[in-house]
Amino acid sequence: MIPEQFNNQTNELDALNRRRFFATSASGLGTLALASLMKQDGLFASDPTTQLSHIAPRAKRCIYLFMEGGPSQMDLFDPKPKLNELDGQPMPESILKDIKFAFIQKEAARLMGSPRTFRRYGECGMELSDLLPHLSTCVDDIAMIRSMHCEQFNHLPGQLMMLSGSDLQGRPTLGSWLNYGLGSESQNLPGYVVLATLGRGLPGGASSWSSGFLPSQYAGTLFRNQGSPVLNLANPTGLSSQAQQRSLQTINELNGLRFDQIGNPEIASRIKAYELAFRMQQTAPELLDLSGETKTTLEEYGVTREDTSKTNTGFMGSYARNCLLARRMVERGVRFVTLFLSTWDHHSSLDSGLKRYTQISDQPIAALLKDLKRRGLLDETLVVFGGEFGRTPLGENRVNFKKVTGRDHHPYSYSMWLAGGGIKGGQVIGETDEIGWGVTKDPVHVHDLHATILQLFGLDHKKLTYQFQGRDFRLTDVSGNVVEKLLA
Amino acid sequence: MASTQNALSAEPVNFIRDVAPIFERHCLICHNQRVRMGELSLHSADALVKGGENGEALVPGDPESSYLMDLVTSTDGVAEMPKEESPLSKNDVAIIRRWITEGATWPKDLMLKPPVLWSMKPLQRPALPANFRPTPQFRIRTPIDVFVAARHQKAGIKPAPQANRRTLIRRLYLDLVGLLPAPQVVEAFVADKDTLAYEKLVDQLLSSPHYGERWGRYWLDLARYADSDGYLGDSMRPHAWVYREWVINAINEDLPFDQFTIEQLAGDLLDKPTASQKIATGFHRNTLSNTEAGVDLELYRTKEIVDRVNTTGMVWLGLTLGCAECHDHKHDPISQKEFYQLYSFFNNTVESSVKVQNSWEKEEYEQDMQKWQPAYDQLQAQLKSYEIKDLTEKQRAEITKIIAAYKKSTDLKKLVSFYQTKKNGWDKINSKLDQLLKTKPAKPSTKAPSFTERKKDRRDTFIHVRGIYNRPGEKVTPGTPTVLPGLPSKNNNLNRLDFAQWLFQENHPMTARVAVNRIWQQLFGHGIVATPNDFGTKGAKPTHPLLLDWLAVEYRERQWSRKAMIRMIVLSSTYQLSSAANASPNNKDLNNQLLWRQNSYRVNAEIVRDIHLTASGLLDRTIGRRGIRPPLPAFVTDVGRSVKWPASQGSERYRRGMYIVFKRTVPYPMLMTFDAPDATVSCSRRERSNTPLQALTLLNGPMFYECAQELGRQMIKQHPDNLQAAIQEMFMRCFSRPASKQELKYLSAAYSDLLQLADKQSKETKQTEPPQLTAMVQVARIVMNLDEFITRD
């Protein structure tokens, strides 16, 4: 789409547009005061020369609820009564033969049933686990995919696959692709924001929101949910807001003088960047200020919930807060918000682990869906829920484990769900076999999911490309089919 | 190239004259004897009749039934073939049609070959252009200027004037050493009447040890240098810096590029390799490595080799070999088999290490011991009083052994039988001992990552069918792509050293072109070829092909001296042009493809930091050695798994940006915000974005603010009650030029407003800092936030 040799020049081209704009403003740059500059339209991480839309878009924004570690699908989303029956039995050898595990010792492995109870909910009658009492009230809005699959059975390759369509570090993530393709709608905030509720950290760290080979302006910006939200957002200690504003005025005046003198368009971009930085300083703290939210909203999300757990204390409130902040961000035009919740990697203590993690996440996520719907935002906001893979129907009998209390990584079939943003809710897509090993109907590969998400945003996944190292790279590599059933 | 045959002429079509040129030009790149896209080749009559995956392509005598006609005939200006190109001209299509109608005759045994890629054509020194007139505005200082001026004149473009001396000295400093000139150096240069002043300055900078840092960092981008493994484990590579230091030293010593290359690719295979030559092989140890529990080790071993092949291809051959990992290269004449032949050069390497002894490490250790020892000696004395009665010599020896072997607190439990542990104060003394042993300086044991060749159990290499590592296809042996000049066939056991030497064979067309283009890129912001890692079909074409070849030959003939090439380029008039966009009224060449001016661009991430430190005088100029960790808030480091980030102390905090420890999963945010590469793959050209996060970093980042504070403090001290003088000095330090009247006016107004605000604030908050200082710091902050500061003009 954009030949590589022009990449360096996109800023220049962008700047040329601005130069034309500035050339027509009678007052000249040097005398423009910051206050008036602030009224002008801003472009954050967006570049008019690269914007494109191939198909009529259904979604404008996305909230991606990333469940790091791999939540167990047969305990949450995909009931397997037969598996419960076969609890303690070995796996059919035909299946085991060609399979690799991260930790399970194949020969001694036994199937492990689920202690959870499933019931049907909503008009659609979707079956969900008893661990999801809140989500069960939203089933008519969500499309459950029980037939997700991929090849990556280790965390980081799996997460990179899910987030960037490749198991290798260095590729742009979904949020970067969308901002690259569509630009940002927000005048004051980055187009791609990341919030994280983490225990021991993410396997990929910042590569989980990297812009890869796309310019850095398309990378996700990590936000804190308290205090000063963005690194270096707050003025240095003791520097007042007036002093900041007065300083910025002179910075722009002097940059304007230089621009008049030598005409390098990059200076105009620099002026713009400083205006936006200042606007972000004004806006971002307001984003975190929940005092304008009603008590009902705060309670619905569970922001004020008490969290007495000894491990990861405070996650309940923190995740609830992140969900509410996600809504506030999409309200303000942020294109892509990723909420990481770590970790669902339950190799052991699956039961207590799932209880804890659903306790943290179920209520706020359901509240988010309802809140978005109530405010009329759900139609254009795509919500995605899922991890990098699912978990095995086999119990995990790792060498040094005394008891089998968990499940290993399982990329061959797992569940994810989507809602809003052009998704047809109240349906289940795909099926797995009776023990939940493999997909038996309507398989959805990660590339298919990505193709579908891009389509919802009006982008043809085969056309959204970027030339790098002599190749036209796509989010979907060389495959991907839009899952038509998902579309409303 | 266009066919001379008119489609309507009565004369029969002549294949060689009329048809072959069309095929060669438009079809054979993708459809030749070797690369057969869609399994189709147009290299011979048989191949054409045989057709591809869609069956026969041609029915002699019957164009209507010939699939080839369907493919090339356009509807609404679009044709299926040639792919990603404009359709063939109507005339060309008509010629093919007539040729088929007339029976599609193809001279017996005639084989068509794809056109040779420009970059693979033999490299010869081109003659200097003769068709240009010297002009007074643009002096011809070097042959480079002749090539550039000829293009200006051909396009009717008037070049910009030469830049002034202030701009030139700042440009040279930034380009050659990545630092700023001190004001007095600038003034001396401006006043210097010596006609060789500029040349002398260049020589002085090229012999500065900071030159190796600046140009070393470019190389580290290519080498995807980082201080950690990447992936989930992302373990630290505590001695990776030894390779970085090797690069800096090699470049400072101007190690010729051929030798520089050979040592990095195959230093271990040289005759009696020195430690330095072994350290050089660290180049390919910079690859990411996945140590996540439960991973398929063989899969990730093969991924590392694929990265090594790709990197080697991009850095030396300017070829995107990676495209041939899973199938024959779709655009360039590299087959999948050839990819795995190159792969096999790297398939028998063993990761090893080289012991490194640095005198500074020893000194550092001795100093640390000197600090540590007294407390320990004192404790030893105290311990005496706890000894059990009648300790034998043997027991004493035992104690010494236990203490020497100390690793963790519980090790001290072994001492209990020798001491009166019930005696009052033992616990305290025991924990003090524990504390001291924990902080005992470690003896230097630096081991640089390196490569050696596997001697036993050598691996065979097979093609990976569709790139899948555990689906072996044909067995291959080491070899180089057939499209490039062959190796002298001295034996059948080619190794990495043969490969590295092959790159510098006299008849190798790629290496010199690719290498010299990168030097040019670092001095102009853009390469003559805009895609420095791709000289293939899909890469950019050179804007000045003759100049590129001339420079490439020159590089080779100057014995691959990087310094000689840089010197020659920066002495040219072309390099010394003004970079102002309005320097000459030229609207035809907005992107400066024809080099009518220098380019102006934001400096690299590390240099943004370095010049702040230079201008404020805080810079610690230590070269090489271990990396540093400038302070970072926990929420940044917490996103990675178990990231330890103990902030560097003392002046170390103010070392150059290139020494910031690069942890791949938690890269230093300031570097990433300013487009430093993420070190996942080789990077030959950085992006240059211009974003609000950059503004926030420069305005509010603690290190940047500290620089402004320091500069402000110094100005108050040096120029008390003389605002004008202070502003002038700040301008000299930051921009190598004095401030204009208007700039003084703006800054004076800002100072007085800021002083008022500071005064008000100091009364309200009872701050102890004098308001004059507060205001001066804020003025320094304004100056350091100007676009000009981080721009190389």
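Assorted remarks:
- Listed values for segment B:327-335 are Karplus-derived 3J(HN,Hα) couplings in whole Hz (6.51 cos²θ - 1.76 cosθ + 1.60, θ = phi - 60°), namely 7, 4, 4, 6, 10, 10, x, 10, 8, and x replaces Gly and Pro.
- Helix A:350-374 and the longest principal axis of the Cα set of chain A meet at an angle near 50°.
- Within the straight-line cut-off of under 20 Å between alpha carbons, the aspartates and glutamates reachable from A:LYS60 are A:ASP41, A:ASP47, A:ASP141, A:GLU185, A:GLU331, A:ASP371, A:ASP379, A:GLU380, A:ASP448, A:ASP460, A:GLU484, sequence neighbours fewer than 8 places apart in one chain being disregarded.
- DSSP-assigned coil residues among GluC sites (Glu not before Pro) in segment B:193-276, each with at most 14 further Cβ atoms within 10 Å: B:GLU253
- Inter-centroid distance (Cα atoms) of segment A:168-195 relative to segment B:94-146, Å: 43
- Each principal axis of the Cα cloud of segment B:355-425 was taken in turn, and the coordinate range along them, longest first, works out to 45, 24, 24 Å.
- Per-residue HN-Hα couplings for segment A:383-389 [Karplus 6.51, -1.76, 1.60; θ = phi - 60°; Hz; x = Gly/Pro]: 10, 10, 10, x, x, 8, 6
- Residue pairs, from the table B:LYS384/B:LYS443; B:LYS401/B:LYS422; B:LYS408/B:LYS443, whose Cα atoms sit over 20 Å apart: B:LYS384/B:LYS443; B:LYS401/B:LYS422
- Panel note: the C-alpha atoms of segment B:602-690, placed on their principal axes, show extents of 35, 31, 24 Å (largest first).
- DSSP beta bridge pairing in the protein assembly as shown, given as percent antiparallel to the nearest 5: 60
- Coarse-grained scattering of segment B:212-357 at q = 0.11, 0.16, 0.18 Å⁻¹, given as base-10 log I(q)/I(0) from a Debye sum over alpha-carbon atoms: -0.45, -0.94, -1.16
- Taking 27 Å as the straight-line reach from the Cα of B:LYS200, the lysines in range (excluding those fewer than 8 positions away in the same chain) are B:LYS563.
- Angle in degrees between helix A:241-262 and the longest Cα principal axis of chain A, rounded to the nearest 10: 70
- For segment B:552-599, the alpha carbon convex hull comes to 79 Å³ per residue, rounded to a whole number.
- In loop segments of segment A:277-331 as defined by DSSP, the trypsin sites (Lys or Arg not before Pro) with at most 11 further C-beta atoms inside 10 Å of their C-beta are A:LYS310.
- Amide H contacts of B:THR791: B:VAL603, each under 5 Å away and 5 or more positions distant or on a separate chain (H built 1.01 Å from N in the peptide plane; Pro and chain starts excluded).
- Vicinal HN-Hα couplings computed from phi for segment B:480-487 (Karplus, 6.51 cos²θ - 1.76 cosθ + 1.60; Hz; Gly/Pro x): 10, x, 5, 6, 9, x, x, 6
- Looking at segment B:496-602, the GluC sites (Glu not before Pro) that sit in a DSSP loop and have at most 10 other Cβ atoms within 10 Å of their own Cβ are B:GLU506.
- Acute angle (nearest 10 degrees) that the helix A:265-288 long axis makes with the longest principal axis of chain A, alpha-carbon atoms: 50
- Principal axes of chain B: Cα extent on each, largest first, Å: 116, 75, 48
- Cα gyration tensor category, rounded, prolate or oblate, for segment B:15-115 with a/c compared to 1.5: rounded
- Over the protein assembly as shown, equivalent-ellipsoid semi-axes from the Cα gyration tensor in Å: 47, 44, 36
- In units of the compact-protein estimate 2.2 N^0.38 Å, chain A shows a Cα radius of gyration of 1.04.
- Inter-part distance, segment A:371-433 to segment B:256-277, computed on C-alpha centroids, equals 52 Å.
- By the rule of a C-alpha distance below 20 Å, with chain neighbours fewer than 8 residues away ignored, the lysines paired with A:LYS295 are A:LYS370, A:LYS373.
A short reminder: the numbers here are calculations on the coordinates, not readings from a lab. As the structure is a prediction and not an experimental result, all values here were calculated from the model. Virtual Cβ from ideal backbone geometry, glycine too; neighbours counted across all protein chains shown.
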